[in-house]
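The block underneath contains the structure these notes are about, expressed in structure tokens.
The values are calculated or read from the model by the stated rules, or taken from the named source; none is laboratory data. All figures in this text were calculated on a predicted structure; none of them were measured in a lab. As a convention, Cβ positions derive from the backbone with ideal geometry for all residues, glycine included, and neighbour counts pool all protein chains shown.
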Amino acid sequence: MAFNESYAGLSDAQLMEPGVTGAWSVRDILAHVTTWEEEALKHLPLILKNGTPPRYSVRYGGIDAFNARMTEQKRSLSLSEVRAQLVATHGRLVDFIQSAPEHQLVGETRFRHRLRLDTYSHYPLHAEAIRQWRRRMSNEAA
């Protein structure tokens, strides 16, 4: 996956270095991606039952406020805990998607829309930010 490749080979110290996206480190981005996979796992079953997930603008004051809150909640996690959560959550998400009704994965369903927003349209944004940061770091080192 291009997202995993974007940070492959970085040392633990590099993964913890702030400034990749705003003040976020790669570790913070990994925790953020995990948060959105957790959100997918929470809300996709609700969508399958024709339910409506809560609006982030109502519940949290918007997506940015939600992201800030979740980042703060995960700040105390160690790098190894963040990595373990990423792997475990992604595995659960893959298992869930493989068990989802096929008709939900084809065409423009509410299920697929939510899945896209929380996962496969989200990963490239952060992968690109990490790649750009790596280029900046290598240019500064040169």
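Structure notes:
- Within the set Val58, Val87, Val33, Val82, the sole residue that is at pLDDT below 95 and either over 20 Å from Arg131 (Cβ atoms) or in a helix (DSSP H, G or I) (or both) turns out to be Val58.
- Among the residues listed as Ala31, Ala40, Ala23, the single one being among the hydrophobic types (A, V, I, L, M, F, W, C) and out of contact with any helix residue (DSSP H, G or I) (no Cβ under 8 Å at 6 or more places or on another chain): Ala23
- Tally, over region 1-30, of residues that are assigned to a helix (DSSP H, G or I) and closer than 18 Å to Glu128 by Cβ: 13
- Only one of the numbered conditions (1) at pLDDT below 95; (2) loosely packed, with under 12 Cβ neighbours inside 10 Å; (3) not polar (S, T, N, Q) is not met by Asp95, and that is (1).
- Condition met for Ser76 (polar (S, T, N, Q), in a helix (DSSP H, G or I) and exposed (fewer than 12 other Cβ atoms within 10 Å of the Cβ)): no
- Considering residues of region 1-60 that are under 18 Å from Leu86 (Cα atoms) and hydroxyl-bearing (Ser, Thr, Tyr) only, the residue surrounded by the fewest Cβ atoms within 10 Å (Cβ to Cβ): Ser11
- Scanning region 116-142 for residues that are of a type in the set (A, V, I, L, M) and within 16 Å of Phe3 (Cα to Cα) turns up Leu117, Leu125, Ala127, Ala129, Ile130.
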